[in-house]
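Working notes for the structure below.
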Amino acid sequence: MRKLALSDEILLSVEKPARYIGGEVNMRVKDPKNVDIRFCMCFPDIYEIGMSHLGIQILYDILNRREDTYCERVYSPWVDLDKLMREKKIPLFALESQDPIKNFDFLGITLQYEMCYTNILQVLELSHIPIYAKDRGENDPIVIGGGPCSYNPEPIADFFDFFYIGEGETAYNELLDIYKACKNAGKSRREYLERVAQMEGMYVPAFYDVDYNEDGTVKGFDKNYDGAPDRVMKQVEMNLSEAYYPTKPLVPFIKATQDRVVLEIQRGCIRGCRFCQAGMIYRPTRERDPEYLKKCAYEMLKSTGHEEISLSSLSSSDYSQLQELVYFLIDEFGSKGVNISLPSLRIDAFSLDVMGKVQDIRKSSLTFAPEAGSQRLRDVINKGLTEEAILSGAAQAFESGWNRVKLYFMMGLPTETEEDIEGIAILSDKIAREYYEIPKDQRQGKVSIVSSTSFFVPKPFTPFQWSRMDTPEEYLDKQRYLRSKINEQLNKKSIKFNWHEAELSELEGVLARGDRRLSKVIYDAYMAGCLYDSWSEHFDYDKWLKAFEENGISIAFYNSRERSEDEVFPWDIIDAGVSKSFLLREYRRAKNATETPNCRELCVGCGAKKFAGGVCFEDKNLLAKASGELKGQEVSYEG
Amino acid sequence: MKVRLKFQKYGAMKFIGHLDVMRYFQKAFRRAGYDSEYTKGFNPHQIMSFAAPLGVGLTSDAEYVDIGLISCEEPEIMIRKINEVMTEGFYVTGFHILSEPAENEKKITAMSLVSSADYLVSLKDGYLLDNLSDGMEPLDDGYPSGSESDGMTSIEKFREAFRSFYAKNDITILKRTKKSEMSVNIKPMITLVSFDEIEYKENLRDGVLYLSKPVDGSYNLETESKADVYENAIKVYMRLDTGSAANLKPELVMEAFCNEMSIPYNPYAWQVHRLEIYTRDETSGNLISLDRLER
């Protein structure tokens, strides 16, 4: 029988002990004595969130296919267990073997959002691994970072031995082969990292020194090891239809955020919204073969017993085989009680038909993400969604029986004016009015509109990476202004208004576009007790402010400054495929509220073509078909 | 058709709460390839009912779940296929098809039938019970020594103390509910006490097992008990009233025992393991374990 790392007494005194016992359905069981490499994969947040992440399931599967490797998992202990582990000096352990992580060869940490940075330090400290990479010895695990935040790894560079930039499918096997060879040859940690640095996609921060200008901006990166590359090229898996896909994903005992089969239908997005980092760093858009996906769906439902399947992608409507795939899933599994969920779907006749078939209309709500309240501002961000499309989509949905609509907006977008903010209130009201166009006897009660606003955070590798970000005070003024405008609307009682916390967004902004000097601030904030910052009940703004102050680091320098066009960014060391000149072109077009066609309409030379595949090389017939849908609109692009 | 499954829950799975066990079995049936009956309506869910939800931290040799299936196979094959998709800590040991209620008969759930259950309560290693009046505090490491003071081992002392506790006519405790507190005499709700496995099993053989017979077409795997065994060997078998009419938790008995002995009650010190669940036959008044009950 499996031994547990924690005693009954501890497990019975913490919330949800199932977070810490492992043993889930489809957990891989290996004898650690029979493997050469022990790898621990970490999602630095609570179990229920981490277990819902597809990327870890993919890597878990890839690494465990190797007979010489045992890949296990760890998540952040919740604050109750955190306290007990410190008191009793219990080292953090992996769920599978329940062995201490400090004895592993690798600790791989996925970086999905900036607000998890203090949780990374928690995992390291509770594991009894030195927090700073420079303090680690030959027997400490090699700490790897990966995921979207590794595209600007600088704020956390001091805590990692190296970062894997890009998609995990391509290079993990080579990383482990080299490790094994180094280990067998008795090579040192340093020698292994030198070999790693020479692989494409690997960034070893210790091999670079950063110079700063007098004004505090980055002057440049100086290599202190000649074998390290000048720039690190992101890794892209170009063959998604034969790529690994975890057909036996783990099924947690407790309800995770994603309690369903997740089918990734494509990677990347053709749209090019200018605020969206995912839309830029996952270029080029690559589709998976629908036949492959059907096979995966069947196997995954069988191996998990899940009652729901969800299609995952940044913009499902752009998947060229969507109708075929969705109708297949409904026909094949609908009768067996399997629910099908389709996030990120454009509202049109097809999606309403599908949703009518798979969901209870009375309970579900429709979601639109106009992101901005006015057409002008939607053009600035290149959202490509018109008011007519939103209103006609809503009208169709109302006629089909829906009466609840969720709207997502951002405030603080570049060039935003009071008119744009008022536009959020007006658009919400117009949608409500659309509902009352339906004859009274055909309505399903009252309409409910929920308008949520988040504060715009400029991200690296987006056209808005040069932008100034609003301060919390400016945000709050805007939020109050919008509140007052919503109250002026005819249907104000049908409109519910939600907003995000401004301080959290401010910190996210600093960490997103920060540099190496922030490592100390993060360290100090963590030492002062900051943890689970993305959980509003745990976020302690004052402690963060104090950490910035004590280190003489100004938040305004990172957030409240329009960056000059020729500024060197901390993340310039990374080559994400999209070129800086393309992003700058896009930024200029944004300021002129000029839209840019999507990848299927016209290639605008973003730089991702060098990966030699995906949408950049799609069948020209498809391209013609796509542009045919534009109904004679002229597609042009001038840089 | 409705079927009843008997299963063991042990090891790390004792930390999985009842609602999660339900979700687990829903998914397990789908993995095993058995189509279950669904409730009608827009939010269909499987027709499934558990006899007596087990608390977090408890293990069991006899959990029962009734489920509606569209079709099924031979009991032996069903058990094998379901066990193939189980994780360590869940093990199906019994299966039978339930008799359909007659037309004018009310549908009954397993839960409404439960009247008694057998438990084994063991002192976990690492908790001291050497000198009863000294209390029971966790040891830093190691086990309580079997040292003999007053010429008695700790096992003997425990048995003697528990016997004298059980010999009382009135064991009154304060039962706390969300709304109120009331004093209850739990003595009549304890119907069997034994300290020895052989004695307990003989009692079963000559008692409830003798008075009932297996259901036709049912299948039961011969399995070892999954109760954790502790070196200190301090343990007690008990039969307690369980169910909607009268319900006594073994934890409450141990708390009452500790209070009686003036020992601070430490809920973590005791491992509770369920051995069997019974219903009382309306006509004969005999106890019948749920795997021997046709409906």
Residues within region A:511-527 that are open to solvent by 10 Å² or more (accessible area, probe 1.4 Å) and over 12 Å from residue A:120 (Cα atoms), tallied | 5
Candidate set: region A:352-398, residues that are within 14 Å of chain B (Cβ to nearest Cβ) and within 26 Å of the chain's Cα centre (by Cα); chosen: the one farthest from residue A:316 (Cα to Cα) | A:364
Any residue at all in region A:619-637 that is surrounded by fewer than 18 Cβ atoms within 10 Å (Cβ to Cβ), at pLDDT 95 or above and either outside any helix (DSSP H, G or I) or of a type in the set (A, V, I, L, M, F, W, C) (or both)?
-> no
By residue number, the members of region A:348-361 that are without any contact (Cβ under 8 Å) to a residue 24 or more places away in the chain and outside any helix (DSSP H, G or I) are A:359, A:360
Starting from residues that are closer than 23 Å to residue B:55 by Cβ and assigned to a loop (DSSP other than H, G, I, E, B), keep the ones in region B:255-292 and report whichever is least open to solvent (accessible area, probe 1.4 Å).
-> B:263
Which residue out of A:80, A:68 is away from chain B (no Cβ under 14 Å), surrounded by fewer than 19 Cβ atoms within 10 Å (Cβ to Cβ), touching a strand residue (DSSP E or B) at 6+ places or on another chain (Cβ under 8 Å) and of a type in the set (D, E, K, R)?
-> A:68
Note on residue B:192: of the conditions (1) out of contact with any Pro (no Cβ under 6 Å at 6 or more places or on another chain); (2) within 14 Å of another protein chain (Cβ to nearest Cβ); (3) of a type in the set (A, V, I, L, M, F, W, C), unmet is (2)
Mind listing whichever residues of region B:170-200 are closer than 26 Å to residue B:287 by Cα and either assigned to a loop (DSSP other than H, G, I, E, B) or open to solvent by 60 Å² or more (accessible area, probe 1.4 Å) (or both)?
-> B:170, B:171, B:172, B:186, B:188, B:191, B:195, B:196, B:197, B:198, B:199
Could you grab the pairs with beta carbons closer than 6 Å, sequence gap of 6+ or different chains, first residue in region A:225-243 and under 21 Å from residue A:568 (Cβ atoms), second one among the charged types (D, E, K, R) and open to solvent by less than 40 Å² (accessible area, probe 1.4 Å)?
-> A:231/A:575; A:233/A:575
Working only within region A:436-493, note down all residues that are without any contact (Cβ under 8 Å) to a residue 60 or more places away in the chain, of a type in the set (Phe, Trp, Tyr) and open to solvent by 20 Å² or more (accessible area, probe 1.4 Å).
-> A:436
In region A:1-28, which residues are touching a strand residue (DSSP E or B) at 6+ places or on another chain (Cβ under 9 Å), over 23 Å from residue B:267 (Cβ atoms) and open to solvent by 20 Å² or more (accessible area, probe 1.4 Å)?
-> A:26, A:27, A:28
Quick one: which strands (runs of 3 or more DSSP E) lie wholly within region A:60-165 and hold at least 3 residues that are modelled with pLDDT of 95 or more and out of contact with any Asp or Glu (no Cβ under 8 Å at 6 or more places or on another chain)?
-> A:106-110, A:162-164
Quick one: how many residues across region B:204-239 are among the basic types (Lys, Arg) and either open to solvent by less than 40 Å² (accessible area, probe 1.4 Å) or assigned to a strand (DSSP E or B) (or both)?
-> 2
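Residues checked against (1) of a type in the set (Asp, Glu); (2) open to solvent by 10 Å² or more (accessible area, probe 1.4 Å); (3) not assigned by TED's automatic domain parsing to the domain that holds residue A:64:
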site: A:89; (1), (2), (3): no, yes, no
site: A:98; (1), (2), (3): no, yes, no
site: A:105; (1), (2), (3): yes, yes, no
site: A:127; (1), (2), (3): no, no, no
Do we have residue A:578 as open to solvent by less than 20 Å² (accessible area, probe 1.4 Å), assigned to a loop (DSSP other than H, G, I, E, B), more than 29 Å from residue A:420 (Cα to Cα) and not aromatic (Phe, Trp, Tyr) here?
-> yes
Determine whether region A:329-339 contains at least one residue that is among the basic types (Lys, Arg), touching an Asp or Glu at 6+ places or on another chain (Cβ under 8 Å) and within 14 Å of chain B (Cβ to nearest Cβ).
-> yes
When only residues in region A:294-305 that are among the small types (Gly, Ala, Ser) and in a helix (DSSP H, G or I) count, which is farthest from the other protein chains (Cβ to nearest Cβ)?
-> A:297
Might you let me know whether region A:589-606 holds any residue that is surrounded by 19 or more Cβ atoms within 10 Å (Cβ to Cβ), assigned to a helix (DSSP H, G or I) and under 23 Å from the mean Cα position of the chain (by Cα)?
-> no
If you go through region A:162-183 one residue at a time, how many are open to solvent by less than 10 Å² (accessible area, probe 1.4 Å) and under 21 Å from residue A:44 (Cα atoms)?
-> 4
Restricting attention to region A:239-293, report how many residues are basic (Lys, Arg) and within 14 Å of chain B (Cβ to nearest Cβ).
-> 3
Name the single residue, out of those in region B:240-254 being open to solvent by 10 Å² or more (accessible area, probe 1.4 Å) and more than 18 Å from residue B:9 (Cβ to Cβ), that is nearest to the other protein chains (Cβ to nearest Cβ).
-> B:252
Enumeration of residues in region A:15-35 that are more than 10 Å from every other protein chain (Cβ to nearest Cβ) and under 26 Å from residue A:259 (Cβ atoms) = A:15, A:28
Does residue A:275 count as closer than 22 Å to residue A:603 by Cβ, crowded, with 19+ Cβ neighbours inside 10 Å and aromatic (Phe, Trp, Tyr)?
-> yes
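The values are calculated or read from the model by the stated rules, or taken from the named source; none is laboratory data. Bear in mind the structure is a predicted one, so any value in this text is a computation, not a measurement. Note: ideal-geometry Cβ built from the backbone for every residue, glycine included; neighbour counts use all protein chains shown. These accessible areas exclude ligands, DNA and RNA; they are computed on the full protein's heavy atoms, side chains included. Shrake-Rupley method; radii C 1.70, N 1.55, O 1.52, S 1.80 Å.
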